[in-house]
Amino acid sequence: MLIKEFVKLGKENLAKEVEGFKRKPHLLIVQANENPASDAYIRGKIKDAEEIGAKATLLRFPVTITEDELVEAIQEANVNPEYDGIIVQLPLPRHISEAKIKITVSPEKDVDGFHPLGSFDPCTPKGIIDYLESEGFAFEGKNAVVLGRSEIVGKPMARLLLKRSCNVTVLHSKTSEQDKAFYIGHADLIVVAIGREGFLDTRFSYKPDAFVVDVGINRGEDGKLHGDAIPNLPVAKQTPVPGGVGLLTRFALMENLIRAYKKQ
């Protein structure tokens, strides 16, 4: 099934579930940046919420807001029963610690899945896992390679794959080219999230039945969006860019919001 179809069907099912709720699940989006990409992501999240019958509110602050002021605003939202889920749109201004803000959001409302004590899986890895399961990918005992070790994608992706009994190898900027070629060539699943256009290309060999999940979003010289992998690699399945993992991430956020609503 194409990702667009998977997400469309998932939203339809969530909308049916929300119809039976006593009130609309409510997502609070906190923004403290002036970033066109963030603005686009937020518009998408608000649209997603509307499509499933939920509500999304944007609380926007100037980039001059102090860390203490932002912490206070989030703490007020934590205790406000009107909000079921809270997300803080990244990036934050340089004078504000992302690590501190992530743990300020209540674990019960952290639908982004960043809080170490929270029960929600981070949206991008969760969306990827759910889609792979729908495609019949059998995780147990498979060789999985994760390219990238970020706190948002790489590390939590590796953790979720380990929970499903994959043999997980994380490759990064300090991994030798020889080792990258070896592990990529033996991988049943490759998740690439390094922010380098076309990094996965024909200089590597691939198992013909491998799955490639492309998390990369890069603006090319042609003005178009490109992934971390070139299109049409010689593998069984490859997610597109655009129209791929971004949609899965946004849908996973809506699933986490519904779960948070039920917990409230």
Practice item. Could you please find all residues in the stretch 179-202 being among the small types (G, A, S) and surrounded by fewer than 20 Cβ atoms within 10 Å (Cβ to Cβ)? Key: A181, G185, G195, G198
Check your understanding: What are the residue pairs meeting all of these: first residue in the stretch 89-100, first residue farther than 14 Å from V30 by Cβ, second residue acidic (D, E) and open to solvent by less than 60 Å² (accessible area, probe 1.4 Å), Cβ atoms under 8 Å, and 6 or more apart or on different chains?
Key -> H95/E67; S97/E67
**Study point:** Identity of the residue in the stretch 203-225, farther than 20 Å from I152 by Cβ and open to solvent by 50 Å² or more (accessible area, probe 1.4 Å), that ends up nearest to the chain's Cα centre (by Cα)
**Key:** K224
Exercise for review: Report yes if K16 is in contact with a Pro (Cβ under 8 Å, 6 or more places away or on another chain) and within 19 Å of K263 (Cα to Cα), otherwise no.
Suggested key: no
Exercise for review: Can you give me the number of residues within the stretch 7-37 that are in contact (Cβ under 8 Å) with a residue 24 or more places away in the chain and either touching a helix residue (DSSP H, G or I) at 6+ places or on another chain (Cβ under 6 Å) or within 21 Å of Y83 (Cα to Cα) (or both)?
Suggested key: 18
Review point. Hey, among the residues in the stretch 22-40 that are surrounded by fewer than 18 Cβ atoms within 10 Å (Cβ to Cβ) and within 17 Å of the chain's Cα centre (by Cα), which one's farthest from L59 (Cα to Cα)?
Key: A37
Check your understanding: How many residues does the stretch 101-118 contain that are assigned to a loop (DSSP other than H, G, I, E, B) and free of Cβ contacts under 8 Å to residues at least 40 places away in the same chain?
Key -> 8
Review point. Just checking, which of A158, A144, A77, A138 is modelled with pLDDT of 95 or more, over 27 Å from E5 (Cα atoms), open to solvent by less than 60 Å² (accessible area, probe 1.4 Å) and not acidic (D, E)?
Key: A77
Check your understanding: Does V63 fit the bill of being within 20 Å of D112 (Cα to Cα) and either β-branched (V, I, T) or under 23 Å from the mean Cα position of the chain (by Cα) (or both)?
Key -> no
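The values are calculated or read from the model by the stated rules, or taken from the named source; none is laboratory data. Keep in mind the model is a prediction, meaning the values are calculated, not measured. Glycine gets a Cβ as well: all are built from the backbone with ideal geometry, and neighbour counts include every protein chain shown. Ligands, DNA and RNA are excluded from the accessible area calculation, which covers all protein heavy atoms including side chains. Shrake-Rupley method; radii C 1.70, N 1.55, O 1.52, S 1.80 Å.
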